[in-house]
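Note sheet for the following structure.
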Amino acid sequence: MTMLHTTELTNWAVDLIDVHKTYRRKVKALRGVHVQVGRGEVFGLLGPNGAGKSTLVKIMMTVVHPDRALGTVLGRPIGHRGKLGRIGYLPENHRYPGYLRGEQLLDFYGALSKVPRVQRRKNAAYWLERVGMKDWAGTRIREYSKGMMQRLGLAQALMNDPELLVLDEPTDGVDPVGRRDIRLLLTELKGQGKTILLNSHLLSEIELVCDRVAIMKEGLVARQGPLRDLTERVLGYRVRLGGERAANAARIGSMSEKLAAMGARIEDHVVQLASQEIGRVNELIDLLRAGGLLIESVEPRRLSLEEVFVEVLGAGSHVGAARPT
Amino acid sequence: MQFGALLIDGFREALDRKIFWVLIGIAVVVAAAMFCVEFRSDQVIFLFGLHTTPNTNWDPATEAGRKGIVDIGVSVMDLILGWVGTTLMVIAAAGAFPAMMEKGAIEVVLGKPIGRARLFFYKYLASMTLVALVSVVFVGLTFVVMGVRWKVWMWPYLLSVPLSLLMFSYIYCVTVLVAVKTKSALASVLLSLVAWFVFWIFGYLGAQFSANPSLERFEKWRAPIVAASWVPPKTLHVTYFAQRWCGGSKAEDVLKMADMPEFKSADMGDAGNMVRDTLLVEAHLMRTDPVSSIASSLIFEAAVLLLAAWSFRRQDF
Ligand SMILES: Nc1ncnc2c1ncn2[C@@H]1O[C@H](COP(=O)(O)OP(=O)(O)OP(=O)(O)O)[C@@H](O)[C@H]1O
Ligand SMILES: [Mg+2]
């Protein structure tokens with residue numbers, strides 16, 4: 001087998017190729033995953049519980065040894081020591097030592113990332129402020145709430161001013177305002193050119209911040225691409241009627257058979273068409289206009305990320321890795 | 001920088017543990033208790049005059065009396081080098097690795113630019129440093145009390161610090177290995193105590209087969225058992241080194257004692273032989289070569305640590 005020689009010139013911040021991992025108890029957590037994250041991109045990793053998202057991230061962070069993994073992270077092979085210093089990592093369900101105070105924790109992990117002392121002090125103050133934990137800097141972590149831990153964890157991940165930020169469920173346990181703060185922070189970091197790889201179950205959040213997503217299922221990437229492409233497909237159209245309600249109802253009643261034949265459903269003031277073909281919509285419009293109805297608006301109905309997600313996963317339960325049958 | 005961070009973290013962790021303060025407390029109590037005893041030429045005064053007894057053995061003004069006081073010092077040393085001190089230290093240090101390897105905590109550390117083997121040894125050294133601190137406090141306090149209060153500045157007594165660390169490390173390598181394998185502080189303490197007992201049996205049998213004349217019947221067992229006794233850490237030897245270096249009783253004295261005709265006389269019978277055999281074994285232990293004993297123990301220790309480091313390296317978390 002010839003190894004691909006990769007250099008710093010790779011465009012991808014994260015370029016994982018053919019990642020396999022089977023845990024000792026024969027759980028096939030990853031079965032050949034390919035994931036590419038562009039530089040400066042916010043990338044969302046989705047999937048049901050046990051799909052292998054955390055395992056993939058842990059392999060990038062050398063927490064878990066892959067059975068096989070090619071590709072690069074920040075242009076170097078996975079686990080490259082120098083590059084680990086350029087990554088910020090927030091693991092899921094992290095537990096920081098309770099005896100440390102917030103600022104001590106940041107200093108400790110900063111030192112492990114080889115950030116010089118003066119810089120550490122500066123960064124710690126800055127990030128504590130940014131995640132809204134300034135007033136808690138001197139409190140022992142064991143007295144923190146879950147969301148506070150999460151904020152501190154985020155500050156921890158940023159202590160080394162990373163190029164790549166790997167966040168495993170960063171908003172888990174954070175209150176709505178905090179979630180918005182984090183979202184804004186991520187957007188700002190993206191603006192600074194940082195690459196962000198994000199695991200989350202909150203699709204609405206992913207939809208708001210991510211440029212590209214991968215949906216994982218049973219240890220494989222089932223779909224991957226720009227968020228816009230995934231949700232681009234038109235499911236149907238919604239035609240909203242204007243004018244008077246009672247008069248409309250009578251007119252619609254007279255053409256209800258034709259409408260039914262076209263596959264249109266009427267709900268109150270809205271006619272829904274399940275067809276994706278633009279020609280059919282125009283036929284519908286003609287019909288409605290011919291019947292003397294006024295049209296207020298015509299909107300395509302696109303897939304929400306949630307629908308893409310459900311569609312990709314198909315029916316049935318998906319919890320856990322693939323089971324041998 | 002990374003080692004410094006782990007060291008400071010280790011200190012903070014220790015300060016947070018009750019057992020650490022218990023150990024410091026014990027050191028203070030022992031030192032205070034020693035301070036409550038005063039040796040005068042004619043009497044021993046307890047608790048500043050609450051109780052007095054005539055002083056026969058420990059007159060600091062005479063050579064023999066000073067030797068008696070040194071013997072007391074040696075028994076205080078036994079306290080820290082013996083099973084009490086070592087067990088407490090193992091208990092105090094046992095939590096370090098399981099705490100670091102806790103799910104949710106280890107991921108962050110492994111994600112930092114520090115190799116696993118290095119992380120392992122730094123952490124190991126950090127936990128050793130803490131134990132060294134406890135040892136320094138204990139030995140320092142008792143040393144000063146003996147000097148100030150008993151007028152005996154027993155410099156070799158300070159060897160208790162490295163010796164107690166040595167003794168601790170003999171056991172602690174097993175603690176670390178079990179901790180890395182099981183991630184449980186309790187399991188690691190229990191199993192290292194078991195291992196210690198096994199080490200002790202090896203040492204005991206080795207000494208018996210080397211020096212006890214009544215075992216000469218089992219000649220063909222001798223070589224393998226003595227050889228095997230050199231494999232594990234020689235926990236049995238440590239206190240003898242302390243005793244020797246502090247100027248306690250010497251092997252020659254013990255041998256002389258074993259040669260006393262009383263033990264050979266017919267009316268003591270088997271009992272006399274047994275005492276004599278015991279003394280011979282004792283003398284043998286007293287004359288053990290420290291270099292080979294310590295070096296071979298450290299080799300064992302290094303092997304166990306390498307095994308632990310290797311296991312730590314290849315684990316998934
Ligand atoms: N340390 C481990 N030992 C054995 N099996 C594991 C281990 N960690 C994870 N697994 C298994 O690997 C599979 C993938 O787990 P992983 O944690 O990567 O899922 P996930 O996608 O992050 O799930 P979640 O959304 O619940 O966080 C699961 O089936 C899980 O049971
Ligand atoms: Mg996960």
- Message: Run the paramagnetic zone check for B:Ile45: 7 angstrom along Cα to Cβ, then residues of region B:139-171 with backbone nitrogen under 13 Å.
- Response: B:149-150
- Item | Size-normalised alpha-carbon gyration radius of region B:2-314, reference 2.2 N^0.38 Å | 1.15
- Against the longest principal axis of chain A, how steep is helix A:176-191, in degrees 0 to 90 to the nearest 10, with axes from Cα atoms? 80 degrees
- Within the under-11-Å Cβ sphere about A:Gly110, not counting A:Gly110, Lys/Arg +1 and Asp/Glu -1 give a net charge of +3
- With the 8 Å Cα cutoff and a minimum separation of six or more residues, chain A has a relative contact order in percent of 22 percent
- Task: Compute the Kirkwood hydrodynamic radius of the protein assembly as shown, taking the inverse of the mean of 1/r over all pairs of distinct Cα atoms, and give it in Å to one decimal.
- Result: 30.5 Å
- Item | Accessible surface of A:Asp135 - all protein chains present, 1.4 Å probe, nearest 10 Å² | 130 Å²
- Message: Suppose R0 equals 25 Å. What FRET efficiency, 1/(1 + (r/R0)^6) with r the Cβ-Cβ distance, do A:Glu311 and A:Ser204 give to the nearest 0.05?
- Response: 0.90
- Task: Return the calculated 222 nm mean residue ellipticity for the protein assembly as shown, to the nearest 500 deg cm²/dmol, obtained by summing -39500 (n - 2.57) across DSSP H runs with n ≥ 4 and dividing by the residue count.
- Result: -17500 deg cm²/dmol
- State whether region A:95-140 is rounded, prolate or oblate according to the following rule on the C-alpha gyration tensor (a ≥ b ≥ c being the square roots of its eigenvalues): a/c under 1.5 gives rounded; otherwise a/b larger than b/c gives prolate, and the remaining case gives oblate. oblate
- Message: Calculate the FRET efficiency for B:Lys151 and A:Glu129 from the Cβ-Cβ distance with a Förster distance of 56 Å, rounded to the nearest 0.05.
- Response: 0.40
- Whole-angstrom gap from region A:13-73 to region B:114-192, using each part's C-alpha centre: 41 Å
- Query: Rounded if a/c is under 1.5, else prolate if a/b is larger than b/c, else oblate: which is region B:254-317, with a ≥ b ≥ c the root eigenvalues of its Cα gyration tensor?
  - Reply: prolate
- Once the Cα atoms of region B:171-223 are picked out, what are the Rg and Dmax in Å? 15.9, 46
- Task: Could you state how much accessible area is buried at the A-B interface, both sides summed, with a 1.4 Å probe, in Å² to the nearest 100?
- Result: 2600 Å²
- Taking every residue in A:103-114, how many Cβ atoms of other protein chains lie within 10 Å of its Cβ, on average? 5
- Message: Highest mean first, how do B:97-103, B:290-296 rank when packing is the count of other Cβ atoms within 10 Å averaged over residues?
- Response: B:97-103, B:290-296
- With everything on Cα atoms, drop me the angle between helix A:245-254 and the longest principal axis of chain A, reported from 0 to 90° to the nearest 10. 70 degrees
- Which of A:Gln36, A:Gln276, A:Gln156 moves the most in a Gaussian network model of chain A with Cα springs under 10 Å? A:Gln276
- Test item: B:97-103 mean partner chain Cβ contacts at 10 Å: 2
- Exposure rank, largest accessible area first [A:Trp127, B:Trp310; 1.4 Å]: B:Trp310, A:Trp127
- Note on the structure: Filtering chain B for DSSP H helices with an axial alpha carbon extent of at least 27 Å and a Kyte-Doolittle mean of at least -0.5 returns B:116-150, B:160-182, B:185-211, B:290-314
- Note on the structure: With a ≥ b ≥ c from the Cα gyration tensor eigenvalues, square-rooted, and the rule rounded for a/c under 1.5, otherwise prolate when a/b > b/c and oblate otherwise, region A:234-302 is prolate
- Note on the structure: From highest to lowest solvent-accessible area (probe 1.4 Å; ligands, DNA and RNA excluded), A:Ile266, A:Ile17, B:Ile114 read A:Ile266, A:Ile17, B:Ile114
- Magnitude of the Cβ-charge dipole (Lys and Arg +1, Asp and Glu -1) of the protein assembly as shown about the Cα centre, nearest 20 debye, reported as 1040 debye
- By the mean-Cβ-within-10 Å protection proxy, highest first, A:157-164, B:64-71 rank as A:157-164, B:64-71
- Task: For peptide A:152-158, compute the average count of partner chain beta-carbon atoms within 10 Å of each residue's beta-carbon.
- Result: 1
- Report the calculated FRET efficiency for B:Thr56 and B:Asn273 (r = Cβ-Cβ distance, R0 = 35 Å), to the nearest 0.05. 0.65
- Note on the structure: Using a 1.4 Å probe on heavy atoms of the protein chains only, the accessible area for A:Asp168 in Å², nearest 10, reads 0 Å²
- What distance in nm separates the simple spin-label points at A:Asn93 and B:Thr182, each placed 7 Å from Cα in the Cβ direction? 2.2 nm
- Using the Cβ atoms and a cut-off under 14 Å, what net charge is assigned to the surroundings of B:Ser296, where Lys and Arg are +1 and Asp and Glu are -1? -1
- So in region A:2-230, what percent of DSSP beta bridges are antiparallel if you round to the nearest 5? 55 percent
- Going by alpha carbons, how many degrees (0 to 90, nearest 10) lie between the helix axis of A:102-112 and the longest principal axis of chain A? 70 degrees
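The values are calculated or read from the model by the stated rules, or taken from the named source; none is laboratory data. Note that this is a predicted model, so its numbers are computed, not measured. Don't worry about glycine lacking a Cβ; one is built from the backbone with ideal geometry, like all the others, and counts go over all protein chains shown. Quick note on the areas: whole protein, heavy atoms, side chains included, nothing else; ligands and nucleic acids left out. Shrake-Rupley method; radii C 1.70, N 1.55, O 1.52, S 1.80 Å.
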